[in-house]
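Asks: My structure is below; once you've seen it, I'll send some questions.
The values are calculated or read from the model by the stated rules, or taken from the named source; none is laboratory data. Small disclaimer: the values here were computed from a predicted structure and weren't measured. No Cβ is skipped: glycine too gets one built from the backbone with ideal geometry, and neighbour counts run over all protein chains shown.
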Amino acid sequence: MLDGDSDNANFKEIAMIADVSVVIPSHNCLDYLPYALASVWAQSLEVREVWVVDDGSDDGTWDWLQQQRLQHPRLKTLRLDGVGCSAARNAAIKLCTSRWIAFLDADDSWAQDKIARQIKASHHHPDAVLLFSNYQHFDEAGNAIISCFDYWSLPKEDNDLLMFSSPQIMAQNLIGTSSVMAKREALLEHGGFNESLRSASDWDLWLKLSYSGLCIGDQKELMNYLMRSGSMTRARLKRLQAMETIVRQHQRHFSAAQWALRWAKARIAEGYGEWHNENRQFVKACQAQLTALWLKPSWWSLKTLLGYCKRGSHGMFG
């Protein structure tokens, strides 16, 4: 458990400034970036440095960041020309000077004790290479939707800290990038984020890290994830295609855990079903959902399949 007065007293003796660098890529996110940075400055345990990468923004982000640097000496900035999130993060990782790197997207934010809890967890688990946490999804009106661990129906445990295996990460992909703190050495060893992937490079990297050390998840919600309207729909198809590539590239590691590959493939098939359904391609939606049902049988999957079939019949005869 992370809670306890004695733990807190001992931890204060360990460090007043965490050996952590924060990496925030930003592209035209000036409406959100101030809130993300405010959550970093509000941490109960200070971080060593914060790198914000302005990746080709034309909304005034760079000028605003230079003003912020006058107020925050730990803020460092890098300007790139629209290279994409993965390359922007990789460029910052190489510049970071801390043992640990915490990632934060420009439209997300942290709970005040996020860094403190993860540093404390790293002392409980010195072999950990990746620490992450549960997080809450919010809509643009600020309404809570569902937490990540509840979405994946993870059982509540007495211990706040849970170990996650490679098969679990393959099967469920529940690690939110803005909740992650990872060892810089391990990130560099695995080449950082795969810049050739059009999407889901975070999942690919978390899988690679899981092969070389412990991955620890905190049940407490330490990050707020903003669900921006339309963003998931626009990115869904390229994300599904990237996920298929990742499963093919990693499947050799799961010869003894075929169930994890089936679950991952089922999740991809469900995604294709949703995409086809939204585009009124009901036959393809049914085919994809039937594949998902075959790979990972569940009442929910069957109900979804019947729903697609019903919509398709109405489209044909209604």
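Asks: So which of 199, 212, 178, 229 ends up being under 13 Å from the mean Cα position of the chain (by Cα), part of a loop (DSSP other than H, G, I, E, B) and touching a residue at least 24 places away in the same chain (Cβ under 8 Å)? Steps first, answer last, please.
Replies: On the way: 212 fails: under 13 Å from the mean Cα position of the chain (by Cα); 178 fails: part of a loop (DSSP other than H, G, I, E, B); 229 fails: under 13 Å from the mean Cα position of the chain (by Cα).
Exactly one residue qualifies, and that residue is 199.
Asks: Here's something else I'd like to know. With the requirement that a residue be surrounded by 21 or more Cβ atoms within 10 Å (Cβ to Cβ) and part of a helix (DSSP H, G or I), what does region 22-76 give you?
Replies: Hits for region 22-76 are 33, 36, 37, 40, 61, 65.
Asks: Could you pull out the residue among 244, 221 that is surrounded by fewer than 21 Cβ atoms within 10 Å (Cβ to Cβ) and within 14 Å of the chain's Cα centre (by Cα)? Even if it seems obvious, please write down each step before you answer.
Replies: Values: 244 fails: within 14 Å of the chain's Cα centre (by Cα).
Step by step, each of 244, 221 is checked, and only 221 is surrounded by fewer than 21 Cβ atoms within 10 Å (Cβ to Cβ) and within 14 Å of the chain's Cα centre (by Cα).
Asks: Restricting to region 241-294, name every residue that is over 21 Å from residue 170 (Cα atoms), among the basic types (Lys, Arg) and assigned to a helix (DSSP H, G or I).
Replies: Selection gives 284 alone.
Asks: Which of the strands (runs of 3 or more DSSP E) contained wholly in region 108-173 include at least 1 residues that are over 16 Å from the mean Cα position of the chain (by Cα) and surrounded by 15 or more Cβ atoms within 10 Å (Cβ to Cβ)?
Replies: On the way: elements: 128-138, 144-147, 161-164.
The qualifying strands (runs of 3 or more DSSP E) are 128-138, 161-164.
Asks: Could I ask something else about it? Could you give me the residue pairs with C-beta distances under 8 Å whose first residue belongs to region 144-162 and is free of Cβ contacts under 8 Å to residues at least 24 places away in the same chain and over 24 Å from residue 128 (Cβ atoms), whose second residue is among the aromatic types (Phe, Trp, Tyr) and outside any loop (DSSP other than H, G, I, E, B) wherever it lies, and which are 6+ apart or on separate chains?
Replies: 144/138
Asks: Related question: Scan region 229-241 for residues that are modelled with pLDDT under 95 and surrounded by 15 or more Cβ atoms within 10 Å (Cβ to Cβ) and jot them down. If you could, list the steps in order and put the result at the bottom.
Replies: The initial filter retains those residues of region 229-241 that are modelled with pLDDT under 95, namely 229-239.
236, 237, 239, listed by residue number.
Asks: Still on this model: Which condition breaks for residue 238 when tested against (1) within 24 Å of residue 168 (Cα to Cα); (2) of a type outside the set (Val, Ile, Thr); (3) out of contact with any Asp or Glu (no Cβ under 6 Å at 6 or more places or on another chain); (4) outside any helix (DSSP H, G or I)?
Replies: Going through the list (1) within 24 Å of residue 168 (Cα to Cα); (2) of a type outside the set (Val, Ile, Thr); (3) out of contact with any Asp or Glu (no Cβ under 6 Å at 6 or more places or on another chain); (4) outside any helix (DSSP H, G or I), residue 238 breaks only (4).
Asks: Restricting the search to region 139-154, which residues are out of contact with any Phe, Trp or Tyr (no Cβ under 9 Å at 6 or more places or on another chain) and over 25 Å from residue 212 (Cα atoms)? Even if it seems obvious, please write down each step before you answer.
Replies: Of the residues in region 139-154, the ones out of contact with any Phe, Trp or Tyr (no Cβ under 9 Å at 6 or more places or on another chain) are 139-143, 146, 150-154.
Passing the criteria: 139, 140, 141, 142, 143, 146, 150, 151, 153.
Asks: Only one residue in 292, 256, 264, 269 is aliphatic (A, V, I, L, M) and surrounded by fewer than 12 Cβ atoms within 10 Å (Cβ to Cβ). Which one? Can you show your working first?
Replies: Working: 292 fails: surrounded by fewer than 12 Cβ atoms within 10 Å (Cβ to Cβ); 264 fails: surrounded by fewer than 12 Cβ atoms within 10 Å (Cβ to Cβ); 269 fails: surrounded by fewer than 12 Cβ atoms within 10 Å (Cβ to Cβ).
Only one candidate qualifies: 256.
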